[in-house]
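Only one structure is covered here, and it is reproduced in the block below.
Values quoted throughout were computed directly from the atomic coordinates according to the rules given, and no laboratory measurement underlies them. Bear in mind the structure is a predicted one, so any value in this text is a computation, not a measurement. No Cβ is skipped: glycine too gets one built from the backbone with ideal geometry, and neighbour counts run over all protein chains shown.
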Amino acid sequence: MEILIFWDAAAPPGFQLPVSRELSNIMDMDVKVLENPLVLNGYTGSRRQTDARVVLDGLDVYKRRLSVAEPVLLVISEDLFMVGAEFLFGLARPSTGSAVVSSSRLDNSYYGRRRDDDDLLDRLCKEGAHELGHLFGLDHCREPDCIMHNPLTLDDLDRKRRDFCPQCRERLDAGVAGDV
Ligand SMILES: [Zn+2]
Ligand SMILES: [Zn+2]
């Protein structure tokens, strides 16, 4: 099973390869990174944010049209929300194998802190692996340091390890095996 990453032109440059390599390690799957071929819809002027569901709708249409069967993780820089959520680090739609991650609130500069490439890389990997975990059938996990723990804040995200807890790992392996 191969995972595709669509890296948007406005997403942090230079992180494509380290993120795809690390995601390949965490997921134990092949990962291919491509330039994002989609035009992003869903910008909502009144909130100055982008509707994550509309972004995933666009990704789903693209995947159907080009018969893309692989799970796709889209990485963008636009700040995401959805109805009922003030903001989102990312969103996954397991039924279609589509997921999106925003770098906006993963970057120290959003919080007025000094920019740090290692922090940003770490968070992109954790958030990316989290959404991919959903695509492979995993739900949220109560272990605070597991990738599948639901991070409500940046500190929650930073507290996690870059790995699945043994239980989630077992489910992931079983889910992927059942997929083949
Ligand atoms: Zn989640
Ligand atoms: Zn877990």
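Take residue 99 and decide whether it is buried (at least 17 other Cβ atoms within 10 Å of the Cβ) and touching a Gly at 6+ places or on another chain (Cβ under 7 Å).
Yes.
Has region 102-111 got at least one residue that is within 14 Å of ligand 1 (Cβ to nearest atom) and closer than 26 Å to residue 40 by Cα?
Checked region 102-111: at least one residue is within 14 Å of ligand 1 (Cβ to nearest atom) and closer than 26 Å to residue 40 by Cα.
Please enumerate the residues belonging to region 112-145 that are among the acidic types (Asp, Glu) and part of a helix (DSSP H, G or I).
Across region 112-145, the qualifying residues are 117, 118, 119, 122, 127, 131.
State the number of residues belonging to region 80-110 that are touching a Lys or Arg at 6+ places or on another chain (Cβ under 8 Å), free of Cβ contacts under 8 Å to residues at least 60 places away in the same chain and either closer than 20 Å to residue 160 by Cα or in a strand (DSSP E or B) (or both).
Final tally of qualifying residues: 8.
Given the conditions (1) buried (at least 21 other Cβ atoms within 10 Å of the Cβ); (2) assigned to a helix (DSSP H, G or I); (3) not hydroxyl-bearing (Ser, Thr, Tyr), and given that residue 148 satisfies all but one, which numbered condition is not satisfied?
(2)
Go through region 151-163 and give me each residue that's closer than 22 Å to residue 107 by Cβ, away from ligand 1 (no atom under 12 Å from the Cβ) and not in a helix (DSSP H, G or I).
Matches in region 151-163: 153, 161, 162.
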